[in-house]
Amino acid sequence: MGTRFAAQLELQGIADASLEKATWGGRRAGAGRPAKKNPGYVRHHRRARHAKSRPVHITMRALRGLPSFREQLILQMMMKILRNQTELGKVKRKYTDVFRVLHFSIQDNHVHVMVEADDSRALRSGVSGLVIAFARQLAKLFGRKKLKVWAERFHSREVGSPQDVVNTLNYIFQNYKKHGAVTFGHGIVDRFSSAKQFDGWEAKSKVDGALYGVPLDWTFYLHGPEPWAPASPTTWLVSTGWKKYHPPLDTRAKPASH
């Protein structure tokens, strides 16, 4: 692995670092990326210490100009990456036992993930592993040795209450509706997400026999991705808390605002 590429991977949570070798001559006035030229950039503030009792909502945003992520091949790629983050993968990662992916959704130019981690280090390592693996696998899919994928550091938000869990799950599963999808009736879920594997839908939604919130593609069912089983939640908020104070989710709901 070359020095320049290794430096790219060392940045926390970013797979698209500059490939130019940096030089350091001390802090200089006006140095760094001008915020006005990239208003969506997430400034590199020190992250707060992660609480083991709280799940985390992660958002990863892509650079402009890349093809839509809502393609079957990328869904298959995502499933493979998630399987490889667990003991089912060929290589057991150091964070396998302390970092868990609960749910995800893939949008045109960003990815939402709900995770749990035992501490700040496990959270940073686990999410960085996902970010880097996604960029590497996408480069392979495009037949490239390396590819800049992410526009910014991943954004993380700790989920702190049962209502917050409900809002976050709705935001992840129903996010595709924010981007123009129109659905009618019960049981329609986004196939570019783990919504179909979520067991908290109301009974009348009949998600097991659902169509999907995108045009049907029968090749998906014939040659779909190998199954990925979401990790069982260990935090009280996700495993028990939200169910204690809130009814099951409705597939017709609109995504909660964040």
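Looking only at the range 134-147, decide whether some residue is part of a helix (DSSP H, G or I), within 12 Å of the chain's Cα centre (by Cα) and under 23 Å from residue 179 (Cα atoms). Break it down stepwise before answering.
Narrowing the range 134-147 to residues part of a helix (DSSP H, G or I): 134-141.
Checking the rest, the ones that are also within 12 Å of the chain's Cα centre (by Cα) come to 134.
Still in the list and also under 23 Å from residue 179 (Cα atoms): 134.
The answer is yes, given that some residue of the range 134-147 is part of a helix (DSSP H, G or I), within 12 Å of the chain's Cα centre (by Cα) and under 23 Å from residue 179 (Cα atoms).
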Test: residue in the range 174-194 that is at negative phi, modelled with pLDDT under 95, acidic (Asp, Glu) and buried (at least 19 other Cβ atoms within 10 Å of the Cβ): yes
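For the range 169-180, what are the residues that are of a type in the set (A, V, I, L, M) and in contact with a Leu (Cβ under 9 Å, 6 or more places away or on another chain)? Let's see the steps before the verdict.
Taking the range 169-180 and keeping what is of a type in the set (A, V, I, L, M), we get 169, 172.
Hit for the range 169-180 is 169, nothing else.
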Residue 238 being crowded, with 16+ Cβ neighbours inside 10 Å, in contact with a strand residue (DSSP E or B) (Cβ under 8 Å, 6 or more places away or on another chain) and at pLDDT 65 or above: yes
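Yes/no per residue for (1) outside any loop (DSSP other than H, G, I, E, B); (2) at pLDDT 90 or above; (3) on the phi > 0 side of the Ramachandran plot; (4) within 18 Å of the chain's Cα centre (by Cα):
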| site | (1), (2), (3), (4) |
| --- | --- |
| 29 | no, no, no, no |
| 46 | no, no, no, no |
| 49 | no, no, no, no |
| 66 | no, yes, no, yes |
| 76 | yes, yes, no, yes |
| 94 | no, no, no, no |
| 113 | yes, yes, no, yes |
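Within the bounds of the range 80-87, is there any residue that is touching a residue at least 40 places away in the same chain (Cβ under 8 Å) and under 19 Å from residue 173 (Cα atoms)?
Of all residues in the range 80-87, those touching a residue at least 40 places away in the same chain (Cβ under 8 Å) come to 80-86.
Then drop every residue that is not under 19 Å from residue 173 (Cα atoms), which leaves 82.
Yes; the residues of the range 80-87 include at least one that is touching a residue at least 40 places away in the same chain (Cβ under 8 Å) and under 19 Å from residue 173 (Cα atoms).
Tell me, please, whether a residue that is of a type in the set (A, V, I, L, M) and either in a loop (DSSP other than H, G, I, E, B) or at pLDDT 75 or above (or both) can be found in the range 33-41. Let's see the steps before the verdict.
Narrowing the range 33-41 to residues of a type in the set (A, V, I, L, M): 35.
Filter again for either in a loop (DSSP other than H, G, I, E, B) or at pLDDT 75 or above (or both), leaving none.
No, because not a single residue in the range 33-41 is of a type in the set (A, V, I, L, M) and either in a loop (DSSP other than H, G, I, E, B) or at pLDDT 75 or above (or both).
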Qualifying residues in the range 154-168 (those that are touching a Leu at 6+ places or on another chain (Cβ under 8 Å) and under 22 Å from residue 128 (Cα atoms)) - the one surrounded by the fewest Cβ atoms within 10 Å (Cβ to Cβ): 156
Contacts under 9 angstrom Cβ, first residue in the range 142-166 being in contact (Cβ under 8 Å) with a residue 12 or more places away in the chain, partner among the small types (Gly, Ala, Ser) and assigned to a strand (DSSP E or B), 6 or more apart: 149/62; 150/62; 151/62
Residue match in the range 116-126 (condition: part of a strand (DSSP E or B) and under 23 Å from residue 160 (Cβ atoms)): yes
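The values are calculated or read from the model by the stated rules, or taken from the named source; none is laboratory data. Computed from a predicted model, the values in this text were never measured in an experiment. Here the Cβ is made from the backbone with ideal geometry for all residues, glycine too, and neighbour counts use every protein chain on show.
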